[in-house]
Amino acid sequence: MQNHFIIELLGIKDRHVDVWSISEQSGIFIVELDTKVKRQRCPSCKGITKRIHGYRNQIIQGPIVSNKRVQIHLRKRRYLCTDCQHTFFERLQMVDHYQRCTTSLQTTALTYAAMGSFTTAARLAGMTTNRLLRLFDKRDIKKRIVLPRTISIDEFKGDAGGERFQTVIADVENREIVEILPNRKVETIMKYLQSCDTGAVEIVVMDLSKSFKQAVKKALGDPLIIADRFHYMRQVYWALDEVRREVQRDLSKTDRIRMKRSKKLLWKSPYKLSEDDKKKVRELLAVHPRLEAAYELKNEIDKWFKESDETTAKEGLEVCLKAMEASSIESFREVSKTFRRWKTEILQSFVYPFSNGYIEGVNNTIKVLKRNSYGIKDFNRLRNKILWHQEVKQIMI
Ligand SMILES: [Zn+2]
């Protein structure tokens, strides 16, 4: 009974494995296991045999139990085929060929690796990081061939495989990452799309990137392209930020720090500000008329963005564009140029308002992944880690 419990604790599913002895040596549990004789099928001629040829002791790493490492000493049997004289080791589920840790420990370590860093996962499972990495790299995470109705194309700074940016293709409606591409080149995205079954793709959501648009048009013909709301609105905030930084430079150190800390306060919609915050904003704006002008422009665009619908968005956008073009602020004039180039796609985002949640969900996943995968230089490893993380997370929920 007790032995059975230990077998279970070690995650061993082979029924003919038995505990021979347990001891503790310098803080490590040593579990000696042996196997019962079992009919074997010869891997060479498929004949059946029970004839023992010899034994071999194999040392295998087990899981951590009560904060102690477990070392398994397995007495493995070698059989002799009476038909063809071939000798072979018995096959066991608990340990893969040539591996030095149990199958269940591998699974545990790989699951940890999906949620945290490789180093932490290796430590929790009681193996070296290098061993875990070897295990991890050996696994193949399959590419999804059929693309869904709505995909998004986005970039993220993964710094892997010698490229600063990688591309992520996501299923917008199911909030799922579909694939990670090694860079954001037109060629790469195009080839990827062409390698998939894209028959169902109708809508592509993307940031305002020329190369994404080019790749999509070349590979998919003429799908509906929607500019991602977060991405285009971000440009407005950045334009305001540019003015803030510029104004900030001429301030005294204390005022500079105060201004720097108020970045998010200036980004907020005015109606969301408390009385106290409103006062702070007024003080900040009093520093320079340019900052005030930039703030007003931001608010105007923010209002258009939040209050427009399919029928009013176009007219409202034109008003915002004219206001930016008439302004003397370079950063906003740049935004207006970009918005003009992407006008159709921006307006589509009002026709198909994929609730922010969809995109936000994907964006958040990417953020988490960036944190988790920080410092992974090998592209395939980065890709596999991202997709593996998603797979494990879906099982755990
Ligand atoms: Zn044989």
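The values are calculated or read from the model by the stated rules, or taken from the named source; none is laboratory data. Given the structure is predicted, the values throughout are model-derived calculations rather than measurements. Glycine gets a Cβ as well: all are built from the backbone with ideal geometry, and neighbour counts include every protein chain shown. To get the accessible areas, we keep the full protein, side chains included, count just its heavy atoms, and leave off ligands, DNA and RNA. Shrake-Rupley method; radii C 1.70, N 1.55, O 1.52, S 1.80 Å.
Can you find, within the stretch 285-341, the residue that is least open to solvent (accessible area, probe 1.4 Å) among those that are farther than 25 Å from Ile226 by Cβ and of a type in the set (Val, Ile, Thr)? Walk me through how you get there before you give the answer.
Just the residues of the stretch 285-341 that are farther than 25 Å from Ile226 by Cβ, to begin with: 285-296, 326-330.
Add one more test, that the residue is of a type in the set (Val, Ile, Thr), and what stays is 287, 329.
On the way: Val287: 57, Ile329: 4 Å².
Going through the qualifying residues, I end up with Ile329.
Name the pairs whose Cβ atoms lie under 6 Å apart, with the first residue in the stretch 67-86 and β-branched (Val, Ile, Thr), the second near the ligand (Cβ under 8 Å from one of its atoms), and 6 or more positions between them or separate chains?
Cβ pairs passing all conditions: Thr82/Thr49.
Condition first: open to solvent by less than 20 Å² (accessible area, probe 1.4 Å) and within 22 Å of Phe350 (Cα to Cα). Now tell me which residues in the stretch 210-221 satisfy that.
Listed by number, the residues that qualify are Phe212, Val216.
Could you tell me whether the stretch 119-140 includes any residue that is of a type in the set (A, V, I, L, M, F, W, C), open to solvent by less than 50 Å² (accessible area, probe 1.4 Å), more than 24 Å from Leu9 (Cα to Cα) and away from the ligand (no atom under 16 Å from the Cβ)? Even if it seems obvious, please write down each step before you answer.
Step one: list which residues in the stretch 119-140 are of a type in the set (A, V, I, L, M, F, W, C), which gives 121-122, 124-125, 127, 132-133, 135-136.
Cutting the leftovers down to open to solvent by less than 50 Å² (accessible area, probe 1.4 Å) gives us 121-122, 125, 127, 132-133, 135-136.
Then keep just the ones that are more than 24 Å from Leu9 (Cα to Cα); that gives 133.
Cutting the leftovers down to away from the ligand (no atom under 16 Å from the Cβ) gives us 133.
Yes, the stretch 119-140 contains at least one residue that is of a type in the set (A, V, I, L, M, F, W, C), open to solvent by less than 50 Å² (accessible area, probe 1.4 Å), more than 24 Å from Leu9 (Cα to Cα) and away from the ligand (no atom under 16 Å from the Cβ).
State which residue is nearest to Gly126 (Cα to Cα) when the search covers only the stretch 78-108 and only residues that are within 16 Å of the ligand (Cβ to nearest atom) and of a type in the set (Lys, Arg). Steps first, answer last, please.
The initial filter retains those residues of the stretch 78-108 that are within 16 Å of the ligand (Cβ to nearest atom), namely 78-91.
After this cut, where a residue has to be of a type in the set (Lys, Arg) as well, the list is 78, 91.
Values: Arg78: 29, Arg91: 25 Å.
By that ranking, first place goes to Arg91.
Counting just the residues of the stretch 234-272 that are open to solvent by 60 Å² or more (accessible area, probe 1.4 Å) and touching a Ser or Thr at 6+ places or on another chain (Cβ under 8 Å), which one comes out farthest from Asn299 (Cα to Cα)?
Glu242
If Asp159 satisfies every condition in (1) at positive phi; (2) in a loop (DSSP other than H, G, I, E, B); (3) more than 16 Å from the ligand (Cβ to nearest atom); (4) not aliphatic (A, V, I, L, M) but one, which is the exception?
(2)
Please work out which residue is nearest to Met94 (Cα to Cα), limiting yourself to the stretch 23-75 and to residues that are of a type in the set (A, V, I, L, M, F, W, C), open to solvent by 20 Å² or more (accessible area, probe 1.4 Å) and assigned to a strand (DSSP E or B). It would help to see each step written out before you state the result.
Here is the first cut: in the stretch 23-75, the residues of a type in the set (A, V, I, L, M, F, W, C) are 28-31, 33, 37, 42, 45, 48, 52, 59-60, 64-65, 70, 72, 74.
Narrowing the set further to residues that are open to solvent by 20 Å² or more (accessible area, probe 1.4 Å) leaves 28-29, 37, 45, 48, 52, 59, 64-65.
Those left that are additionally assigned to a strand (DSSP E or B): 28-29, 48, 52, 59, 64-65.
On the way: Ile28: 20, Phe29: 18, Ile48: 22, Ile52: 20, Ile59: 13, Ile64: 16, Val65: 17 Å.
Across the stretch 23-75, the extreme among qualifying residues is Ile59.
Which residues, taken from the stretch 222-233, are in contact with a Ser or Thr (Cβ under 7 Å, 6 or more places away or on another chain), part of a helix (DSSP H, G or I) and open to solvent by less than 20 Å² (accessible area, probe 1.4 Å)?
Correct list: empty.
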